[in-house]
Structure formats: C-alpha cells, structure tokens
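Working notes, structure below.
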Amino acid sequence: MPELPEVETLRRMLDSRVRSRTIVAARRSRSRLHVSSRGGALSALVGRRVERVERRGKYLIFRLDAEHALLSHLGMSGRWLFFDRVPESPMLHVQARLEFSDGTRLWFQDPRRFGQLRVLVGGALARDASLTRLGRDPLDPPLTGSELAALARGVRTSVKVLLLDQRRIAGIGNIYASEILHRARVDPRRRSLLVTRAQWSAVAAEIPAVLNEAIDSLGTTFSMYRTLSGEPGGFGDRLRVYDRAGERCLTCGSVIRRIVQGQRATYYCPHCQSRGGSGS
DNA sequence: ATCCTATCCTGTAGGC
DNA sequence: TGCCTACAGGATAGGA
C-alpha cells in the first residue's frame, strides 16, 4: 500500500500528533508480526517521550531518546491510527497499541502482516540492515538526471524494475513507478542500459514532481491506505495509468496496457511511452 | 555481484 | 446467494 507519499503524509501527521507525548503503555496484540521479533520488546518504550517522527524511504522512525527508537514499515496493508480515546467498535488486526499520558492512543493495524515494527536500542538503529541498505531519498535534495544515470550504471534490468529498487532510490513503489514513467514518456520495459541521457533527465525530473504532487494530495488510496485520521488520500483521481488497463490514455487516447514485470503489474501507454512515439 | 523466483498473509473483486 | 480464483501499494531469502 504505502509508498513514499503515503508514508510522508503519515510522518507529518504523526509528528504533529505525538511529538512530545509520553508513552505510558505499549503492547503487541498479536505475537506473530512479520520480522518483528528482531527488535526489543515494546515495553521498553514505556515512560519515554516521542522526540520526533522521521522517514527514510518507506520506513517511519519514532525517535524517543538517544538510546531508543521505534522503527515501522507498513508493508502492504499497515496503518497507523490515532484516537482521542479507545474506539467503541472493535477493530480487527490491530498488531500494537500505544497509549500516551494524556489518554490518546496510537494503534498499528496490519491485516496482511507484511509490516514491520521493532524497538531499536542503542546502536541498533544505526546498524539496522533494512535501513543501511536503503538508497538515497529522491526528494532531499531532488534527484538529478546525472545522478540517476549514475545510479543506473551497469544495471541490466528494465527501467521500471530499477525504479523499484530501494537500494538505489528509497521510496518509489509500484503505483508511482508507472506514473513517473508515463509522465516522462519512457517505456517501462526499456533496459536501463539503453535509456538515453535525455530520458534519464526526464525521469529524474518527474520523480520529485510526482511524489510531491502526491504528498500534496495526502497520498493515493487504492484500497487499504488511510491517513492517521482514517481518511483516504486524494491522488487516486490524478493517476494517469495505474489500474487503468483498457481505458484511454489521457494524453493521446491510446488504450492503456497492463503487463507484468518482476511479478508486479506495470501500466503504460504504448503510444506515449514508445521510442518513436510522440515522446522524446 | 546481480538477477530472478517464491514466499510471507488476509481481504476483496470478479467470473461462474 | 455462494464458491472459486486471481490479485493487491512490499521486502527478503536463496538459488542461478
């Protein structure tokens, strides 16, 4: 579900909601959260104050004090939800519950349990393999064409698969990869080795453009994603190709295609995103 | 090293 | 209506 814009939206809302709040209770509600066992017990959070909430790629980091942090990844279906009091109707798939000293609550819900939640103590945050593996954030500072070309050097996979590689650029997921390539008019099947300098520049320019536009809309709600307050994101209306197979391209009227690359769906316009097409 | 595949899990949409 | 299958925004281990 969540890519950089959704995670950044959550980060901003979480930061304004829970910064400076002190955790008085922290419990896992389910023993088997994916990859969760690598971290310490949630009870280590009790009595600590949230200093700020950060993001790296698609990961959220709740900074507590110099020694303690809570690392969270939403996987495909994770949500953070904030409540002034315990909700009246029971909720399914709540994996963890935090309570603050003023009675407010922060719950982590994750039906598919691909999400991650772990408490990192001491140097564990700096050493965490899933964070050290990450490539650079495409927004800060905005990625440039020459940088992207350098990142792609020696890569033999398609440009779509490259954009999803978190070790090179951290934060782009399946929806925005298709959207970025459509706006840049680059064929997603194109081998990275064969992408021209001008095309890398076009892709690099669209990456921050699309991601920032999506952040402004509070992300894309395809089905599961919700903001901290439970609202859907607004970028779904702005999608030009994702999940639009069989529909018309808004630019040229051609029929949008769906293909599979690396076991994931890719959507593209065969006319706008072809070498000789109206693209570059 | 790099690439590719299978896998983790539940919910939902669509065909029959 | 119900049953069945395919698919879903992700990361990662392990084999080639």
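Based on what the data block shows, is A:R85 farther than 16 Å from A:G171 by Cα and surrounded by fewer than 20 Cβ atoms within 10 Å (Cβ to Cβ)? Yes.
For region A:152-162, the set of residues classified as outside any loop (DSSP other than H, G, I, E, B) and without any contact (Cβ under 8 Å) to a residue 40 or more places away in the chain consists of A:L162 only. Of all the listed residues (A:V50, A:V94, A:V7), the sole one being away from DNA strand B (no atom under 16 Å from the Cβ) and more than 17 Å from the chain's Cα centre (by Cα) is A:V50.
Screening the candidates A:A150, A:A204, A:A170 for the property of being among the small types (G, A, S), farther than 15 Å from A:E3 by Cα, touching a Leu at 6+ places or on another chain (Cβ under 6 Å) and at pLDDT 95 or above yields one hit, A:A204.
Taking region A:247-260 as the search range and keeping residues that are under 20 Å from A:K160 (Cα atoms) and either of a type in the set (G, A, S) or assigned to a loop (DSSP other than H, G, I, E, B) (or both), which one is farthest from DNA strand C (Cβ to nearest atom)?
The selected residue is A:C249.
The strands (runs of 3 or more DSSP E) falling completely within region A:4-97 that include 2 or more residues that are more than 27 Å from A:P138 (Cα to Cα) map to A:23-28, A:79-83. Please determine whether any residue of region A:104-111 is of a type in the set (F, W, Y), part of a strand (DSSP E or B) and without any contact (Cβ under 8 Å) to a residue 60 or more places away in the chain. Checked region A:104-111: at least one residue is of a type in the set (F, W, Y), part of a strand (DSSP E or B) and without any contact (Cβ under 8 Å) to a residue 60 or more places away in the chain. Suppose the filter is surrounded by fewer than 17 Cβ atoms within 10 Å (Cβ to Cβ) and either near DNA strand C (Cβ under 10 Å from one of its atoms) or without any contact (Cβ under 8 Å) to a residue 40 or more places away in the chain (or both); does A:A214 pass it? Spelling it out, it is not the case that A:A214 is surrounded by fewer than 17 Cβ atoms within 10 Å (Cβ to Cβ) and either near DNA strand C (Cβ under 10 Å from one of its atoms) or without any contact (Cβ under 8 Å) to a residue 40 or more places away in the chain (or both). Return yes when A:G219 is of a type outside the set (S, T, Y) and without any contact (Cβ under 8 Å) to a residue 60 or more places away in the chain and no when it is not. No. Of all residues in region A:103-119, those being of a type in the set (G, A, S) and away from DNA strand C (no atom under 11 Å from the Cβ) number 1. Quick one: in region A:177-217, of everything that is farther than 14 Å from A:V161 by Cα and not in a helix (DSSP H, G or I), which residue is nearest to the chain's Cα centre (by Cα)? So, considering only residues that are farther than 14 Å from A:V161 by Cα and not in a helix (DSSP H, G or I), the one nearest to the chain's Cα centre (by Cα) is A:S217. If the condition is being more than 16 Å from DNA strand C (Cβ to nearest atom) and either aromatic (F, W, Y) or in contact with a Phe, Trp or Tyr (Cβ under 7 Å, 6 or more places away or on another chain) (or both), then region A:120-151 contributes A:G145, A:L148, A:A149. Take the conditions (1) surrounded by fewer than 16 Cβ atoms within 10 Å (Cβ to Cβ); (2) in a helix (DSSP H, G or I); A:R167 misses just one of them, which is (2).
Within region A:185-206, residues that are closer than 9 Å to A:S158 by Cα sit with their Cβ atoms under 7 Å from residues that are part of a helix (DSSP H, G or I), at 6+ positions apart or across chains, in these pairs: A:P188/A:V159; A:P188/A:K160; A:P188/A:S178; A:P188/A:L181; A:R190/A:V159; A:S192/A:V159; A:S192/A:L162. For region A:218-243, a tally of residues being away from DNA strand C (no atom under 12 Å from the Cβ) and under 16 Å from the mean Cα position of the chain (by Cα) returns 1.
The values are calculated or read from the model by the stated rules, or taken from the named source; none is laboratory data. Because the structure is a prediction, the values reported are computed rather than measured. Neighbour counts run over all protein chains shown; Cβ positions are idealised from the backbone, glycine included.
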